[in-house]
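Step one of this worksheet: look at the structure below.
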Amino acid sequence: SQKWLESFQTCQALAAQCADTTLVNVADREGDLYDLFVAALAPTDGPSVHLLVRAQHDRQVAHPQKYLWDFLAAQRVAGQLKIKVPRKDGQPGRLATLAIRYAPVTLCAPSLKSDQPSLTLWAVEARESRPPKGATPICWRLLTTLPVASFAAAVEKIRWYAQRWQIEVL
């Protein structure tokens, strides 16, 4: 947990030196931390650093669906995106078609921090409905501090997240 908070703090320290650049800290599911979102939403004197995190937790939300996964599934499909999936674990590479949903979402504070405020973020879901036989379907649920008010903005965030895997190669 601490490494994600430290990474974000490092980005914040650099933000003042990059005032004309939008800095986005991209994290995998390990970075799905309430405290990290709190830090990103806190007011700053300088430029803001944004977050784009793959959700790990089916968090409680302040919406009729009660939980994040159900909330996202209830959103209309905004469009489809085709992405190349590299070969992995003996499975050949393939082209996957993802249904894209997005919406602003209000996350409730976790039960151990019930005295803390709810947080309003943007949620994006990229879900593969027809994977090839034997393949695990792709389902990325992303949370971000950046506005996602259009299909194009949702696709941009998905493409950014997909680039995160390049660090695994390094």
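Against the condition of a type in the set (Gly, Ala, Ser) and at pLDDT 95 or above, how does residue 13 come out, does it pass?
Criteria not met by residue 13.
Regarding residue 110, is this residue farther than 20 Å from residue 160 by Cβ and in contact with a His (Cβ under 9 Å, 6 or more places away or on another chain)?
Details: farther than 20 Å from residue 160 by Cβ: yes; in contact with a His (Cβ under 9 Å, 6 or more places away or on another chain): yes.
In short, yes.
Which members of region 62-92 meet the condition of being part of a strand (DSSP E or B), open to solvent by less than 60 Å² (accessible area, probe 1.4 Å) and out of contact with any Lys or Arg (no Cβ under 8 Å at 6 or more places or on another chain)?
Selection gives 79, 81, 83.
Under 9 Å by Cβ, and 6 or more places apart or on different chains, what pairs join a residue from region 79-94 that is closer than 23 Å to residue 155 by Cβ with one that is open to solvent by 100 Å² or more (accessible area, probe 1.4 Å) and in a strand (DSSP E or B)?
So the pair list comes out as 82/95; 83/95; 84/95; 85/95; 93/84; 94/84.
Take region 140-161 and flag every residue that is surrounded by fewer than 15 Cβ atoms within 10 Å (Cβ to Cβ) and either modelled with pLDDT under 95 or of a type in the set (S, T, N, Q) (or both).
Selection gives 150, 159.
Within region 33-47, track down each residue that is part of a loop (DSSP other than H, G, I, E, B) and among the hydroxyl-bearing types (Ser, Thr, Tyr). Talk me through it step by step, then tell me what you get.
Within region 33-47, the subset part of a loop (DSSP other than H, G, I, E, B) is 33, 42-47.
Correct list: 44 only.
Before we move on, is residue 141 part of a strand (DSSP E or B) and within 24 Å of residue 58 (Cβ to Cβ)?
yes
Kindly evaluate residue 162 against the criterion of being within 23 Å of residue 28 (Cβ to Cβ), free of Cβ contacts under 8 Å to residues at least 60 places away in the same chain and among the aliphatic types (A, V, I, L, M).
So residue 162 does not fit the description; no.
Need the failing condition index for residue 73 against (1) touching a residue at least 40 places away in the same chain (Cβ under 8 Å); (2) touching a strand residue (DSSP E or B) at 6+ places or on another chain (Cβ under 7 Å), just the number.
Of everything listed in (1) touching a residue at least 40 places away in the same chain (Cβ under 8 Å); (2) touching a strand residue (DSSP E or B) at 6+ places or on another chain (Cβ under 7 Å), residue 73 misses just condition (2).
Among the residues that make up region 48-58, is at least one of them open to solvent by 80 Å² or more (accessible area, probe 1.4 Å), polar (S, T, N, Q) and under 16 Å from the mean Cα position of the chain (by Cα)?
Yes, some residue in region 48-58 is open to solvent by 80 Å² or more (accessible area, probe 1.4 Å), polar (S, T, N, Q) and under 16 Å from the mean Cα position of the chain (by Cα).
Can you report the number of residues in region 111-139 which are in contact (Cβ under 8 Å) with a residue 60 or more places away in the chain and either surrounded by 19 or more Cβ atoms within 10 Å (Cβ to Cβ) or on the phi > 0 side of the Ramachandran plot (or both)?
3
Looking at region 48-61, which of its residues are part of a strand (DSSP E or B) and basic (Lys, Arg)? Show your work before the answer.
Filtering region 48-61 down to residues part of a strand (DSSP E or B) leaves 49-54, 60-61.
Listed by number, the list holds a single entry, 54.
Looking only at region 93-103, decide whether some residue is in a strand (DSSP E or B), touching a Phe, Trp or Tyr at 6+ places or on another chain (Cβ under 7 Å) and surrounded by 14 or more Cβ atoms within 10 Å (Cβ to Cβ).
There is at least one residue in region 93-103 that is in a strand (DSSP E or B), touching a Phe, Trp or Tyr at 6+ places or on another chain (Cβ under 7 Å) and surrounded by 14 or more Cβ atoms within 10 Å (Cβ to Cβ).
Look through region 11-40, keep the residues that are within 20 Å of the chain's Cα centre (by Cα) and acidic (Asp, Glu), and return whichever of them is least open to solvent (accessible area, probe 1.4 Å).
32
The values are calculated or read from the model by the stated rules, or taken from the named source; none is laboratory data. Quantities reported herein were computed from a predicted structural model and do not represent experimental measurements. Neighbour counts run over all protein chains shown; Cβ positions are idealised from the backbone, glycine included. All accessible areas refer to the heavy atoms of the entire protein, side chains included, with ligands and DNA or RNA removed. Shrake-Rupley method; radii C 1.70, N 1.55, O 1.52, S 1.80 Å.
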